[in-house]
Amino acid sequence: WALRFSESTQPYGLRLPDIELAPSSGRAHRDAVLRELALFGLPKVAGEQA
């Protein structure tokens, strides 16, 4: 769904238990959403950027 929204000009956001990305669009937003989805549920690593 994130890739489909990123192909349109419609803003989309992401809300997970520990993160919320406000609705937006563009390549940087798509990459941020995909990164958060990929890392969701994995343990946090010391020194890793949020």
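What net charge do the residues around Glu7 carry, taking every other residue with its C-beta under 12 Å from that of Glu7, with Lys and Arg at +1 and Asp and Glu at -1? Overall, the nearby charge balance is +3. Sequence-distant contacts, meaning Cα pairs under 8 Å at least 6 residues apart, place the relative contact order of the chain at 29 percent. Full extension of the chain between Ala28 and Gln10 gives 5.0 nm of extra length, using 0.36 nm per residue less the Cα-Cα distance. Along its principal axes, the chain has C-alpha extents of 36, 18, 15 angstrom, given from the largest down.
Counting only alpha carbon atoms, the long axis of helix 27-39 and the longest principal axis of the chain meet at about 40°. In a DSSP loop and with at most 14 other Cβ atoms within 10 Å, the chymotrypsin sites (Phe, Trp or Tyr not before Pro) in the chain are Trp1, Phe40.
Each reported figure results from applying straightforward, stated rules to the coordinates on display, with no laboratory input. Since we're looking at a predicted model, the values are computed, not measured. Glycine gets a Cβ as well: all are built from the backbone with ideal geometry, and neighbour counts include every protein chain shown.
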